[in-house]
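Structure first, commentary second.
Quick note: the coordinates plus some simple rules give every number you see, no bench work behind them. The structure presented is a predicted model; accordingly, all values stated were derived computationally and were not measured. Ideal geometry is used to build each Cβ from the backbone, glycine not excepted, and the neighbour counts take in all protein chains shown.
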Amino acid sequence: MDRETDVAQLRALFASTIEAWDRADAQAYAAAFTEDADYTIFVGTRYRGRDKIADVHDALWRRFLKGSRLVGAVTDIRFVTDDVAVLTSQGRVRTSRLSGRRLDKAQTFVAVRRDGRWLFTAFHNSPRKRLLEWISARTEPRTAPNT
């Protein structure tokens with residue numbers, strides 16, 4: 001397979017998570033991850049495994065995130081090896097029509113190719129503090145973010 005195909009498949013995998021989120025389909029969402037995936041949310045809570053990812057999201061969509069929508073954009077894909085890639089993105093969970101559209105989370109996915117198919121094996125989600133980024137960069141330009 002060529003790199004262009006890999007990039008397209010990784011972007012499609014990322015898109016599948018957004019589509020599954022918007023349908024509140026926990027099984028489809030978790031299907032993008034390996035059986036033993038590490039999944040860390042923005043408050044620092046870590047979950048292990050596809051089954052746990054599905055169970056947690058099912059609970060969230062039934063209660064705290066019911067009706068929410070996910071907005072996201074891939075910002076970079078870097079290949080570590082032919083079968084390992086790091087995908088970075090920005091995203092936001094919209095809980096109502098009044099929710100902002102600005103992407104307020106920075107995310108890192110580690111993807112692995114297994115049996116010819118890309119899956120995410122690790123995920124980390126962190127809030128972006130744009131004001132603090134701006135202050136830091138103004139004070140020390142070398143701290144300015146890449147994206």
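Between ARG128 and LYS105, ALA106, the built amide H atoms are under 5 Å apart, and every one of these is 5 or more places off in sequence or on another chain. Take the Kirkwood radius over Cα pairs of the stretch 1-54, plug it into Stokes-Einstein at 37 °C and 0.692 mPa s, and you get 272 µm²/s for translational diffusion.
Evaluate the charge dipole of the stretch 3-143 about its Cα centre and quote only its size in Debye, nearest 20, assuming +1 on the Cβ of each Lys and Arg and -1 on the Cβ of each Asp and Glu. The calculation lands at about 840 debye. Relative contact order for the chain: 20 percent, from Cα pairs under 8 Å spaced at least 6 residues apart, divided by residue count. Straight-line cross-link partners of LYS129 among the lysines, defined as a Cα under 23 Å from its Cα and at least 8 positions apart when in the same chain: LYS105.
Considering all different alpha carbon pairs of the chain, the Kirkwood hydrodynamic radius works out to 16.2 Å. Label separation (SER126 vs ARG23): 3.3 nm, computed from points 7 Å beyond Cα along the C-beta direction. Using the Cβ-Cβ distance between ASP58 and THR5 with R0 set to 35 Å, the FRET efficiency from 1/(1 + (r/R0)^6) comes to roughly 0.60. In this label model, GLU133 and THR40 are separated by 1.9 nm, measuring between points 7 Å along each Cα→Cβ vector.
Simple rule: put +1 on each Lys or Arg Cβ and -1 on each Asp or Glu Cβ in the chain, find the dipole, and look at PRO141, ALA24, GLY100; the Cα lying farthest toward the positive end is GLY100.
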